[in-house]
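The block underneath contains the structure these notes are about, expressed in structure tokens.
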Amino acid sequence: MARQFLAFTDAHWGKRTTIFWNKLQTKRHARTPNAFQRAERSITCSPAVSTARSTRENIRNRREHEIEFIQRRIGMLDFVLLNQGYQYLETEPEKVNFFCDQLRVPNQFLPSKIYHGQRTSQPTVRYFVDKFPMFVASDASSPVVTFTYLHGSEASLTEFVHHLEVYLPLFRQLSAFRFLYLARVDSHFEKAKELFDSLVTIPLGSDVSADLLRYFQIRKTWDLSRYTSLTEADLIFRNQAKTRFAGQRFEHLYRGWKVGRVTESDIRQDFRGSERHVTVHFAAEVLCRFAVPEQEPEG
């Protein structure tokens, strides 16, 4: 976007922007899609330019992208420009090398997608195709990676759930990591935290299946109005577990377990304890736009 170029170069709209835009068009690095023709001061670049961190990657397909895709890429560039001091894992090879070579994670645990070419060519496996910004902080013992997710214009969190499910095998291989949920508004922050706890934090905990089964037993006793069978410790545990195991996933499990459709062995298999202690940190932030700051009025 023109606003990103102006802010990054500390310039104002005028000759410099026009020269830059003409250069991009001449080299066929950028274009203005029909949807943006009437948008004021809009520039949409090819993936190799608009995501500055991807300039060294081999772009497999140059096809028309949906507006939502373009908006999300613009948001990703906003984040990078606002946080230029981070040590980013910029390209697919850098990410694969970091996890496989430095952290010794087998590549079958990395989020991947298979692309099928022509009938005579072999399928291609690509990793981290979402291209969300990823950066590393050096701790005393080992580097800790921060994953990011940018919520697009979609109204639901279905895509976020799918993203977590795709990354969960990798999360299980790490001893510590951070996750940053980004959005233009904070309307989904509370629900996103609930989903992250349900799908990632709790399953990665140690022996969570035992706590979940105990909660189900206490909850069933309470639902049957057998209050005298519960101890004070049971009631305290119930109150704590209600928050810990909140969400539709646990509701479905409880209903299935209650009628015998889900067994205890099923739950222990799904929530088997990890052999290592995993430190997980989740945060949600409003993503601002990288733009030229307003000038202070004189006088």
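For the residues Leu168, Leu182, the requirement of being in contact (Cβ under 8 Å) with a residue 60 or more places away in the chain and either under 26 Å from Leu77 (Cβ atoms) or not in a loop (DSSP other than H, G, I, E, B) (or both) singles out Leu182.
Tell me which residues, restricted to segment 1-20, are in a helix (DSSP H, G or I), under 34 Å from the mean Cα position of the chain (by Cα) and at pLDDT below 80.
Of the residues in segment 1-20, the ones in a helix (DSSP H, G or I) are 2-9, 15-20.
This time we only want the ones that are under 34 Å from the mean Cα position of the chain (by Cα), so: 2-9, 17, 20.
Ala2, Arg3, Gln4, Phe5, Leu6, Ala7, Phe8, Thr9, Thr17 - these are the residues of segment 1-20 that are in a helix (DSSP H, G or I), under 34 Å from the mean Cα position of the chain (by Cα) and at pLDDT below 80.
Yes or no: segment 131-148 includes at least one residue that is within 20 Å of the chain's Cα centre (by Cα), at pLDDT 90 or above, among the charged types (D, E, K, R) and surrounded by 15 or more Cβ atoms within 10 Å (Cβ to Cβ). Yes, the conditions are met somewhere in segment 131-148.
Mind checking which residues of segment 190-204 are in a helix (DSSP H, G or I) and either closer than 15 Å to His281 by Cβ or touching a helix residue (DSSP H, G or I) at 6+ places or on another chain (Cβ under 8 Å) (or both)? Before the answer, list the steps.
First pass over segment 190-204, keeping only residues in a helix (DSSP H, G or I): 190-201.
Those that are in a helix (DSSP H, G or I) and either closer than 15 Å to His281 by Cβ or touching a helix residue (DSSP H, G or I) at 6+ places or on another chain (Cβ under 8 Å) (or both): Ala192, Lys193, Leu195, Phe196, Asp197, Ser198, Leu199, Val200, Thr201.
Leu180 falls short on exactly one of the conditions (1) in contact with a helix residue (DSSP H, G or I) (Cβ under 6 Å, 6 or more places away or on another chain); (2) closer than 27 Å to Arg104 by Cα; (3) open to solvent by less than 20 Å² (accessible area, probe 1.4 Å), and that condition is (1).
Name the single residue, out of those in segment 86-129 being out of contact with any strand residue (DSSP E or B) (no Cβ under 8 Å at 6 or more places or on another chain) and within 22 Å of Ile74 (Cβ to Cβ), that is surrounded by the most Cβ atoms within 10 Å (Cβ to Cβ). Ranking the qualifying residues of segment 86-129, first place goes to Glu90. Taken over segment 212-237, residues that are under 17 Å from His252 (Cβ atoms), acidic (Asp, Glu) and either at pLDDT 95 or above or surrounded by 15 or more Cβ atoms within 10 Å (Cβ to Cβ) (or both) amount to 0.
Of the residues in segment 113-165, how many are part of a loop (DSSP other than H, G, I, E, B), hydrophobic (A, V, I, L, M, F, W, C) and touching a residue at least 40 places away in the same chain (Cβ under 8 Å)? Let's see the steps before the verdict.
Narrowing segment 113-165 to residues part of a loop (DSSP other than H, G, I, E, B): 116-123, 128-133, 139-142, 151-157.
Adding the requirement that they be hydrophobic (A, V, I, L, M, F, W, C) leaves 128-129, 132, 140, 155, 157.
Remaining after also requiring touching a residue at least 40 places away in the same chain (Cβ under 8 Å): 132.
So the count comes out to 1.
Only a single criterion out of (1) outside any helix (DSSP H, G or I); (2) open to solvent by less than 90 Å² (accessible area, probe 1.4 Å) is not satisfied by Arg261, namely (2). For segment 150-170, residues that are out of contact with any helix residue (DSSP H, G or I) (no Cβ under 6 Å at 6 or more places or on another chain) and buried (at least 20 other Cβ atoms within 10 Å of the Cβ) total 3. With respect to the conditions (1) surrounded by 12 or more Cβ atoms within 10 Å (Cβ to Cβ); (2) hydrophobic (A, V, I, L, M, F, W, C); (3) more than 30 Å from Ser175 (Cα to Cα), Ala241 falls short on a single one, namely (3).
The values are calculated or read from the model by the stated rules, or taken from the named source; none is laboratory data. Every value quoted in this text rests on a predicted model; they were computed, and no experiment measured them. Here Cβ is always computed from backbone atoms with ideal geometry, including for glycine, and neighbour counts include all displayed protein chains. Accessible surface is based on the protein model in full, side chains and every heavy atom, while ligands, DNA and RNA are left aside. Shrake-Rupley method; radii C 1.70, N 1.55, O 1.52, S 1.80 Å.
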